[in-house]
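Working notes, beginning with the structure itself.
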Ligand code: DOR
């Protein structure tokens, strides 16, 4: 089959595990990186039974494919917003080769059966690799402990309605006390949000969202999650850290078994975005101040925050056009995250190697995904070739996500994916998708 041809990438600027960029060639066979050298020739590898597909990567930079550890892809149940096929096409365009998806679908992913259903759907539809969280509820403790191969347990401590909201300390304590798998928390204090929602009732300016779900609501929940994690030495991951206060807290006390992530929007957008894009700036946790942006950046640069996730959470434009608070929270992200961060790198705010670490290497390490996140012999060939020279704007009409918009429309970015490779096979190349490709279920060691 042509799709399984070995690949020989020529003349790429290759990101090495030590963070340096070295010009050279990469040979891939059976989905694995087999050789990396200054110069490789197809004749070294051609045998009578197969040929080699050669890729000229002159002028391009080869990075490990992005592993996005927090996305909401809406299938099953909310496919009018997004589905696993459209979302994975958007991933391929964005250089995202693996994702970890959240349990707030319909039905909720709170049982082994619901997890298996998602895995089956993904095997049929996903162009890239996939993993799924199991959601914590009051009732589902046995499934939380045993469900496999879930990448972790997701707890919504706030910003969620219905069964997925787990905001009582006694119940949280019970979940933290049992088992040893990773717990990922959406940390916002629901009781505080509830009170403040009443206080600000009737205000339809979406900017009020950041005041209702304020910094204090996020800090209080993060403090509680940290307290429980320390009590049981339980592996904790804090999702989409959004405030300076939380970053400072983690700077002071962050046990070795705790990790944290930040989204591109919490780094690059702030409350001024409500004026320009209205409810398309509305998300949970909300956007904060320029001061928070700056402290989060510094925490990321200093290693207090470990990696980056998009929290890709698509809603239709019709839904977003509803007046606040009926407008849903969330924005898409997988198509723009890598270019957004690489643009920051090219503008001197960080290095390309740091971006690859935050968007791939560190994620693979934290979620214990074997053989991913580095360009090295024996590693899976999940790779992205990016163009760090050309700037192109984010345009609504280019978006492959089913929701069809971006909060970054008009931003002029570089570092766009030119070619995305999943398991040694090209799924996206110069604007074209190969929709017949399928990714694989991620393993967690
Ligand atoms: O803004 C958000 N929207 N944050 C979340 O954590 C959930 C998400 C969604 O599913 O829409």
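Can you bin the chain into rounded, prolate or oblate? Criterion: square roots of the alpha carbon gyration tensor eigenvalues sorted a ≥ b ≥ c, rounded for a/c under 1.5, prolate for a/b above b/c, oblate for the rest.
Values: a/c = 1.70, a/b = 1.51, b/c = 1.13.
Cα axes put the chain in the prolate bin.
State, in angstrom, two size descriptors of region 110-257 derived from its alpha carbons: Rg to one decimal place and Dmax to the nearest whole number.
Here Rg and the maximum Cα pair distance are 16.6, 47 Å.
How far is helix 112-125 tilted, in degrees, relative to the longest principal axis of the Cα atoms in the chain, given as a value from 0 to 90 rounded to the nearest 10?
Helix 112-125 and the main axis of the chain meet at about 40 degrees.
Can you give me the relative contact order of the chain as a percent, contacts being Cα pairs under 8 Å and 6 or more apart? Working shown, then result.
Details: 1055 pairs, mean separation 94.4, N = 445.
That works out to 21 percent.
May I ask you to compute the full-extension gain from residue 216 to residue 56, defined as 0.36 nm times their residue separation minus their alpha-carbon distance, rounded to one decimal in nm?
Values: separation 160, 0.36 × 160 = 57.60 nm, distance 5.14 nm.
Net length gain for the segment: 52.5 nm.
Classify region 342-445: rounded, prolate or oblate, from the alpha-carbon gyration tensor (a ≥ b ≥ c, eigenvalue square roots; a/c under 1.5 rounded; otherwise prolate if a/b is larger than b/c)? Each step should come with its number before you reach the end.
Details: a/c = 1.85, a/b = 1.29, b/c = 1.43.
Oblate shape, in that a/c is at least 1.5 and b/c is the bigger or equal ratio.
How much length would be gained if the chain were fully extended between residue 389 and residue 79, taking 0.36 nm per residue of separation minus their Cα-Cα distance, in nm to one decimal? Before the final figure, lay out the partial values.
On the way: separation 310, 0.36 × 310 = 111.60 nm, distance 3.64 nm.
Contour length minus the Cα-Cα distance gives 108.0 nm.
Which whole-number percent is the relative contact order of region 298-389 (Cα, under 8 Å, 6+ apart)? Can you show the working numbers first?
Working: 77 pairs, mean separation 19.5, N = 92.
Rounded, it is 21 percent for region 298-389.
Run the numbers for residue 294 and residue 429: contour at 0.36 nm per residue of separation, minus the present Cα-Cα distance, in nm.
Working: separation 135, 0.36 × 135 = 48.60 nm, distance 3.51 nm.
Gain on stretching residue 294 to residue 429: 45.1 nm.
How tilted is helix 290-301 with respect to the longest principal axis of the chain? Cα atoms for both, answer in degrees (0 to 90, nearest 10).
Here the helix axis deviates by roughly 50 degrees.
What's the whole-number percent of alpha carbon pairs in region 15-92 lying beyond 15 angstrom? Before the final figure, lay out each step's value.
Working: 2095 of 3003 pairs.
That fraction is 70 percent.
In percent, what relative contact order does region 286-445 have, based on Cα pairs under 8 Å that are 6 or more apart in sequence?
Details: 220 pairs, mean separation 32.7, N = 160.
This gives 20 percent for region 286-445.
Given the options 127, 23, 60, which has the most mean-square fluctuation in a GNM of the chain, springs set between C-alpha atoms less than 10 angstrom apart?
Ranking 127, 23, 60 by mean-square fluctuation puts 23 first.
If you average over every viewing direction, what projected area does the convex hull of the Cα atoms of region 69-170 give, in nm²? If you can, show how the numbers build up before the last one.
Values: hull surface 25.5 nm².
Answer in nm², one decimal: 6.4.
Modelled label-to-label distance, residue 120 and residue 396, 7 Å Cα→beta-carbon offset: nm?
3.9 nm
Rounded, prolate or oblate: which fits region 322-369 when a ≥ b ≥ c are the square roots of the eigenvalues of the alpha-carbon gyration tensor, with rounded for a/c under 1.5 and prolate only if a/b beats b/c?
Details: a/c = 3.75, a/b = 1.63, b/c = 2.31.
Here region 322-369 falls in the oblate category.
Looking only at region 15-112, where both bridge partners belong to it, what percent of the DSSP beta bridges are antiparallel (to the nearest 5)?
On the way: 7 of 11 bridges.
Of the beta bridges lying entirely in region 15-112, close to 65 percent run antiparallel.
Using a 7 Å offset from Cα along Cα-Cβ at residue 178, what residues in region 89-131 end up with backbone N under 19 Å from the label point?
109-115
Quick one: if you stick a label point 7 Å off each Cα along the C-beta vector at residue 42 and residue 253, how many nm between them?
So the label points at residue 42 and residue 253 sit 6.1 nm apart.
Each label point is 7 Å from the Cα along the Cα-to-Cβ direction; what then is the distance between the points at residue 349 and residue 411, in nm?
0.8 nm
Looking only at 137, 351, 276, which one moves most when the chain is put into a Gaussian network model with springs between Cα atoms under 10 Å?
276
Rule-based calculations on the coordinates, nothing more; no lab input. Owing to the predicted nature of the structure, the values given are computational and were not obtained by experimental measurement. For neighbour counting, all protein chains shown are included, and Cβ atoms are generated from backbone atoms with ideal geometry for every residue, glycine included.
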